[in-house]
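Step one of this worksheet: look at the structure below.
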Amino acid sequence: MNILGIESSCDETGVALVQTVPGGTPRLLADALHSQAEMHRAYGGVVPELASRDHIRRVLPLAQQVLREAGQGLDGVDVVAYTRGPGLAGALLVGAGVAVALGAALGRPTLGVHHLEGHLLSPFLADDAPAFPFVALLVSGGHTQLMRVDGVGRYAMLGETIDDAAGEAFDKSAKLLGLGYPGGPALARLAEFGDPAAYALPRPLLHSHDLDFSFAGLKTAVMTQWRKLGSNVCEQARADLAASAQAAIVDVLAAKSLRALADSGLARLVVAGGVGANLRLRETLDAGARRLGARVHYPPLHLCTDNGAMIALAAALRLQQGLADLRRDGAFDVRPRWPLDGIAAA
Ligand code: KG4
Ligand code: ZN
């Protein structure tokens, strides 16, 4: 069975075709992506109305490209999956509307997928897919959560951010340092040339007895330090501050994830979401997990950030488990706010 997945929750239009494998992990046949980052850069962040309009322009050409690359025609699509939420309402409506129209035209059912479930299950797109149960660290631009995952749709929240997400901390620190949008990857690149111990930035909630995170104070600390450096700051100081900010974010993410792993007694940690592409985070988690006799699973690097493959994959895994709420009535809604632990397994 082939599932077409459409992602349009924020500033990436993603389309992919995934094939279910009886008794095995679904296979990615083709995927295509268009990032709007360039378009939003001039505004320093995502402009929702522009995002929606661009999704409209991109989604069908991307779907055609995916089908061509997979060597399939429209009749090769058995289910059309789309991101139902969370995300920008107008952007979500584009993907959902196109998916439901395609489903109606082809006489195929549709399935609305939770965006974070897509991220969470995306390591199943890697060659060494994890087995359940595992601890998951979900780190994206809008979310920072630690979860215990016992199976598809069986998610228990262990901890989450009480203010900014980790991706936001990267993006806001990057903006302060004049690195533009989206800042995470740019900050990570600059940090390679800096000394992570140059500035003593706070590690919020590092020693709290729970698994929650807080990143809002860090942004303020970076701003204070940046102002102290003044207007004729040298390039090395900027790189040092980038490295120090990255180290502070990574230290907290890693410490809490490893504590969650140790507390749970589980031997697998899954990392998903855009910040999961961060190499320093990967190195720190890999080393820490090794000490615990555990190992860390990641999605393929290019599938850490938003994409259609994870949406098609989540739909495929739900279908395989008999947990897919397929619709054939041509109706749909989107859920701009939609907690992940609120989605039932059955
Ligand atoms: O998962 P994602 O693509 O979108 C959301 O669902 O939010 O995550 C985007 C976030 C942004 O904050 C971006 O700056 C961050 O992931 N990001 C990174 C890296 N690549 C993307 N942060 C740190 N290091 C990276 N290499
Ligand atoms: Zn995302």
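The values are calculated or read from the model by the stated rules, or taken from the named source; none is laboratory data. None of the values given here were measured: they were computed from a predicted structure. Quick reminder, even Gly has a Cβ in these numbers, built from the backbone with ideal geometry, and neighbours come from all protein chains shown. The area values use the complete protein model at the heavy-atom level, side chains included, leaving out ligands, DNA and RNA. Shrake-Rupley method; radii C 1.70, N 1.55, O 1.52, S 1.80 Å.
What number goes with the only condition from (1) over 15 Å from Ala30 (Cα atoms); (2) open to solvent by 50 Å² or more (accessible area, probe 1.4 Å); (3) out of contact with any Gly (no Cβ under 6 Å at 6 or more places or on another chain) that Ala91 does not pass? All conditions pass for Ala91, except number (2). The listed residues are Gly180, Gly167, Gly153, Gly184, and the only one of them that is within 14 Å of ligand 1 (Cβ to nearest atom) and at positive phi turns out to be Gly180.
Contact annotation: residue pairs with Cβ atoms under 9 Å, 6 or more positions apart or on different chains, pairing a residue in the range 322-338 that is under 17 Å from Gly95 (Cβ atoms) with a partner that is open to solvent by 70 Å² or more (accessible area, probe 1.4 Å) and modelled with pLDDT of 95 or more, are Gly330/Ala104; Phe332/Leu93; Val334/Leu93. The condition of being exposed (fewer than 15 other Cβ atoms within 10 Å of the Cβ), polar (S, T, N, Q) and outside the structural domain of Gly141 (by TED's automatic domain parsing) holds for only one of Gln64, Gln72, that being Gln64. So for the range 173-185 (the condition being surrounded by 17 or more Cβ atoms within 10 Å (Cβ to Cβ), of a type outside the set (A, V, I, L, M, F, W, C) and under 15 Å from Asp251 (Cα atoms)), does at least one residue qualify? No, the range 173-185 contains no residue that is surrounded by 17 or more Cβ atoms within 10 Å (Cβ to Cβ), of a type outside the set (A, V, I, L, M, F, W, C) and under 15 Å from Asp251 (Cα atoms). Here Gly45 fulfils each of the conditions (1) open to solvent by 30 Å² or more (accessible area, probe 1.4 Å); (2) at pLDDT below 95 apart from (1). Within the range 151-163, does at least one residue satisfy the condition of being farther than 30 Å from Trp226 by Cβ, out of contact with any Cys (no Cβ under 8 Å at 6 or more places or on another chain), in the same structural domain as Leu50 (by TED's automatic domain parsing) and surrounded by fewer than 19 Cβ atoms within 10 Å (Cβ to Cβ)? No. Only a single criterion out of (1) within 16 Å of ligand 2 (Cβ to nearest atom); (2) in a loop (DSSP other than H, G, I, E, B); (3) of a type in the set (Phe, Trp, Tyr) is not satisfied by Tyr199, namely (1). Would you confirm whether any residue within the range 40-49 is part of a helix (DSSP H, G or I), of a type outside the set (Ser, Thr, Tyr) and under 17 Å from the mean Cα position of the chain (by Cα)? The answer is no; no qualifying residue exists. Elements of the type helices (runs of 4 or more DSSP H) sitting completely within the range 113-192 and holding at least 2 residues that are over 15 Å from the mean Cα position of the chain (by Cα): these cover 166-176, 183-191.
Being free of Cβ contacts under 8 Å to residues at least 24 places away in the same chain, surrounded by fewer than 24 Cβ atoms within 10 Å (Cβ to Cβ) and part of a helix (DSSP H, G or I) is a description that does not apply to Ala262.
For the range 120-152, the candidate set comprises residues that are at pLDDT 95 or above and of a type in the set (Ser, Thr, Tyr); within that set, the residue that is nearest to ligand 2 (Cβ to nearest atom) is Ser122.
Pick from the range 288-311 the residues that are closer than 19 Å to Ala81 by Cβ and open to solvent by 10 Å² or more (accessible area, probe 1.4 Å): which of them is modelled with the lowest pLDDT? Looking at the filtered set, the residue picked out is Thr305.
Looking across the range 3-39, the residues that are farther than 23 Å from Pro130 by Cα and not in a strand (DSSP E or B) come down to Ser8, Ser9, Cys10, Asp11, Gln36, Ala37, Glu38, Met39.
Arg238: in contact (Cβ under 8 Å) with a residue 24 or more places away in the chain and either of a type outside the set (Asp, Glu) or not in a loop (DSSP other than H, G, I, E, B) (or both), yes or no? Yes, satisfied. Restricting attention to the range 265-282, report how many residues are open to solvent by less than 50 Å² (accessible area, probe 1.4 Å) and within 9 Å of ligand 1 (Cβ to nearest atom). Within the range 265-282, residues that are open to solvent by less than 50 Å² (accessible area, probe 1.4 Å) and within 9 Å of ligand 1 (Cβ to nearest atom) number 8. All of (1) of a type outside the set (S, T, N, Q); (2) in a helix (DSSP H, G or I); (3) surrounded by 20 or more Cβ atoms within 10 Å (Cβ to Cβ) hold for Gly97 with one exception: (3).
Contact annotation: residue pairs with Cβ atoms under 9 Å, 6 or more positions apart or on different chains, pairing a residue in the range 122-151 that is more than 14 Å from Gly276 (Cα to Cα) with a partner that is of a type in the set (D, E, K, R) and within 16 Å of ligand 1 (Cβ to nearest atom), are Met147/Glu160.
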